[in-house]
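These notes are about the structure you will find just below.
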Amino acid sequence: MRLTYFGHSTFRLEIAGQRLVFDPFLTENPHGETDPRDVPCDYVLCSHAHDDHIHNAMDLVRLHGATIVAPFELAEHFAAQGAKAIDLMPGGGVNLPWGRIEMTPAIHSSAIELPKGENKAMGIASGLVVRAEGRVIYHAGDTALFSDMKLIGRHGLDLAMIPIGDYYTMGPADALEALDLLQPRLAIPMHFNTNSRIQVDAQAFADAATRAGHPTRVLASGETIDL
């Protein structure tokens, strides 16, 4: 299993012969721009509709023939643009030849950001769980701390990607409590330091989490690790 971080909340997971991109924000990403042509993938998993989580979703569809997995209304939005889309809702999942993708709750909003400061509601925000090759991977999306994280982690998580930036999501203190509930074998922080409001010391968080018994690693944008 291989994981590449592209900054903010964007990752590519390579598992079971598949390449899954979570929350694609590749161009215009303050952590560093990546050409979507350089990120071949089979699936694009979108947790919610905010632009910093779907910015390059259709680029990846058009360039690589990827299938989008998203909450119902957002999946329908992409399907109307010609994408092959799998629509899910929290509590649901889809079995695929190589594994399973499940959708979990998240406490956040979800809207397409239109010109002139307008927003169009686009269903709900979510988290995503991938099960393949005996591994379980959780991408929390944008969320607050909530007690049902204990249920998400109840059967064991090999990896959890969790937001720590505060202001719009959990901050470091609540993210530490989230790890108490999730109990992943490895945690990776995300959604921090991409704008002035979500500036945090990610390494300080990782150090505190590791001291608390939750091995945590901060990835640099463009870094790849094998797990």
- Message: Using alpha carbons only, how many angstrom separate the centre of the stretch 60-127 from the centre of the stretch 157-197?
- Response: 21 Å
- What is the fewest-to-most order of Ile137, Ile188 by other Cβ atoms lying within 10 Å of their Cβ? Ile188, Ile137
- Message: Just want to confirm a number: the relative contact order over the chain, from Cα pairs under 8 angstrom separated by 6+ residues, in percent.
- Response: 17 percent
- For the chain, built as a Gaussian network whose Cα springs stay under 10 Å, the top-fluctuating residue of Gln203, Gln81, Gln183: Gln81
- Query: Which cross-chain or sequence-distant (5 or more) residues have an amide H under 5 Å from the amide H of Met190, H modelled 1.01 Å from N in plane?
  - Reply: Ile162, Ile164
- Item | Summed residue charge, Cβ within 14 Å of Arg135's Cβ, Lys/Arg positive, Asp/Glu negative | -1
- Over every pair of different alpha-carbon atoms in the chain, take the mean of 1/r and invert it; report that Kirkwood radius in Å. 17.2 Å
- Taking neighbour counts of Cβ atoms within 10 Å as a proxy for exposure, in what order, fewest first, do Thr210, Thr4 appear? Thr210, Thr4
- Descending packing, highest mean Cβ count within 10 Å first, for 148-158, 120-130, 22-32 is 120-130, 22-32, 148-158
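We did not get these values from a lab; they are worked out from the coordinates using the rules stated. Note that this is a predicted model, so its numbers are computed, not measured. Glycine gets a Cβ as well: all are built from the backbone with ideal geometry, and neighbour counts include every protein chain shown.
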